[in-house]
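Shown next, in structure tokens, is the structure this report addresses.
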Protein chains: 2
Amino acid sequence: MKASFEHVECKHCSNRFKSVFCKTENDMINEIEALKICSSIKKGDTIFREGSYASGVYCINAGKVKLSMFGDEGKEQIVRLAKPGDIIGYKALLSGDKYSSTASALEDCNVCFIPREIFLVILQKDAALSFEMMKVLSNELRQAEEKITHLAQKPVRERVAETILFLKETYGLDADNIVNVSLTREEIANLVGTATETAIRLLSEFNKDNIIELIGKKIKIIDQQKLTKTANLYD
Amino acid sequence: MKASFEHVECKHCSNRFKSVFCKTENDMINEIEALKICSSIKKGDTIFREGSYASGVYCINAGKVKLSMFGDEGKEQIVRLAKPGDIIGYKALLSGDKYSSTASALEDCNVCFIPREIFLVILQKDAALSFEMMKVLSNELRQAEEKITHLAQKPVRERVAETILFLKETYGLDADNIVNVSLTREEIANLVGTATETAIRLLSEFNKDNIIELIGKKIKIIDQQKLTKTANLYD
DNA sequence: GCTAAAACATGATTTTTATCATGTTTTATA
DNA sequence: TATAAAACATGATAAAAATCATGTTTTAGC
């Protein structure tokens, strides 16, 4: 159930200039403003579901969101993590298809729904938005292809380390070097592409080796260099 | 070395209407025509290389192209296969970055190079092209995410079967149900994300089980239904 | 604060898949 | 067409990772 929350006008949204709408003119922002539907999403709630018809995109105003695909036996694979300023659900909208993944809130969120029609109209009118959109898609695609390569070629150990670094890049660090997101071990496994037990084991191993410190669901990065080396990444 | 080949005018190009330029107006097509550089690429030759500066996109006029990323020990992962009418090299161009993969010809090819500037200018002017571009990107991204899920969750056997079906979808069948592409076993392995020996073993197994028939490098599909079942796909 | 469920943890075992070894066949080219 | 190199094939072995089993801790809801 989506409860509406107090509107922040799009043009004053703190995420505006770090979002895909950074180059979009005020008049178009106002068109979106007029038609958007904002809602509060509780932690764990589903924003949209794989296979359902795409009626618009969602702009994340606050909170963190995971996008998952479910394999044959219903096993989750997390294919993307989104943060405030990100939009989700655009793939389906652009390809005119159904949602290919399920979006659910990792914590309480505020999201703004932008109906299909207005988004497509503005995309037609605003070359800058289209271009930003293409940039976002290109970056996602490059990342996805890297992930494919790593899944195919790197051992789980390296991929777990890499995932911790990815979480750091995506959500940043709190004071005290703590990665600013809480995922269950199962979710980490579903992001890495491994069994939950394997992820747990490797995390405790990294903990023992003083690469990270496990503080409940939080991960504190103790030795960034060692972590990068464990991930076998040098760039 | 790229030798030029006899120009086919873009507006008369047989691939035009099945390409991303299907909705692009004649005057813009002519602008491309004026600046494109066509060349013949020999089988095995590199069209562009991962890490080099993206100076434009390539439109494939004839032939088949593989796009590969190279992992830590230089191991190839094929991330995309392209066919006539497809464009390659757009990710790097759009994100303003270097090529993230290496393109090489699987057979003799004719490709048309469209310089960065004109492509970007037309992208700005032509909302229809931008939209088609976004559709292409969205579809690629969805496919990539599916591939991630399958790499993480499906056993090699299913992925090999799936890859044969993917090759069929991409390049079609000759008369007599033969998949219209020749890849080495190593390339098939690098597409599946497995060891060459494992790919070889599974292909011979499928051969023995009368699912496919191996005719040199060609694969003939004997039992499509069994193949789909082996891939654990029902859609 | 009690209780059930979920999440976390860890050892033992099995399965899957990669690697290694070796030989044959095909392909390219001198 | 001779010859080397690449590609293909297959058995044996090793390594990696999943699964199974079981117990503990944490979390959420009454």
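The values are calculated or read from the model by the stated rules, or taken from the named source; none is laboratory data. Note that the coordinates shown come from a computational prediction; the quantities given were computed from them, not determined experimentally. With ideal geometry, Cβ positions are generated from the backbone for all residues, glycine too; neighbour counts draw on all protein chains shown. For accessibility, only protein heavy atoms count, side chains too; no ligands or nucleic acids. Shrake-Rupley method; radii C 1.70, N 1.55, O 1.52, S 1.80 Å.
General observations
Residue-wise test of (1) over 30 Å from B:Pro155 (Cα atoms); (2) in the same structural domain as A:Ser52 (by TED's automatic domain parsing); (3) in a loop (DSSP other than H, G, I, E, B).
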{"residue": "A:Pro84", "(1), (2), (3)": "yes, yes, yes"}
{"residue": "A:Val121", "(1), (2), (3)": "yes, yes, no"}
{"residue": "A:Met133", "(1), (2), (3)": "yes, yes, no"}
{"residue": "A:Arg142", "(1), (2), (3)": "no, yes, no"}
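- Among the candidates A:Lys64, A:Lys154, residue that is touching a residue at least 12 places away in the same chain (Cβ under 8 Å) and within 30 Å of B:Glu158 (Cβ to Cβ): A:Lys154
- Residue that is farthest from the other protein chains (Cβ to nearest Cβ), among those in the range B:77-101 that are surrounded by fewer than 20 Cβ atoms within 10 Å (Cβ to Cβ) and small (Gly, Ala, Ser): B:Gly85
- Some residue of the range A:131-145 being within 16 Å of DNA strand D (Cβ to nearest atom) and among the acidic types (Asp, Glu): no
- Top-ranked residue of the range B:198-231 - restricted to ones that are more than 11 Å from DNA strand D (Cβ to nearest atom) and within 14 Å of another protein chain (Cβ to nearest Cβ), ranked as farthest from B:Ala105 (Cα to Cα): B:Lys229
- Here the condition is being touching a strand residue (DSSP E or B) at 6+ places or on another chain (Cβ under 7 Å) and within 14 Å of chain A (Cβ to nearest Cβ); of B:Gly44, B:Gly71, it holds for B:Gly71 alone.
- The residue list A:Ile215, A:Ile211, A:Ile200 contains one member that is open to solvent by less than 60 Å² (accessible area, probe 1.4 Å) and either within 12 Å of DNA strand C (Cβ to nearest atom) or of a type in the set (Val, Ile, Thr) (or both), which is A:Ile211.
- Every condition in (1) within 15 Å of the chain's Cα centre (by Cα); (2) within 9 Å of chain A (Cβ to nearest Cβ); (3) crowded, with 18+ Cβ neighbours inside 10 Å is met by B:Asn139 except one, and the failing one is (3).
- Scanning the range A:176-197 for residues that are within 14 Å of another protein chain (Cβ to nearest Cβ), within 8 Å of DNA strand C (Cβ to nearest atom) and polar (S, T, N, Q) turns up just one, A:Thr196.
- Test: residue in the range A:151-162 that is within 12 Å of DNA strand D (Cβ to nearest atom), part of a strand (DSSP E or B), more than 9 Å from chain B (Cβ to nearest Cβ) and not basic (Lys, Arg): no
- Criterion violated by B:Ala54 - all others in (1) within 14 Å of chain A (Cβ to nearest Cβ); (2) open to solvent by 40 Å² or more (accessible area, probe 1.4 Å) satisfied: (2)
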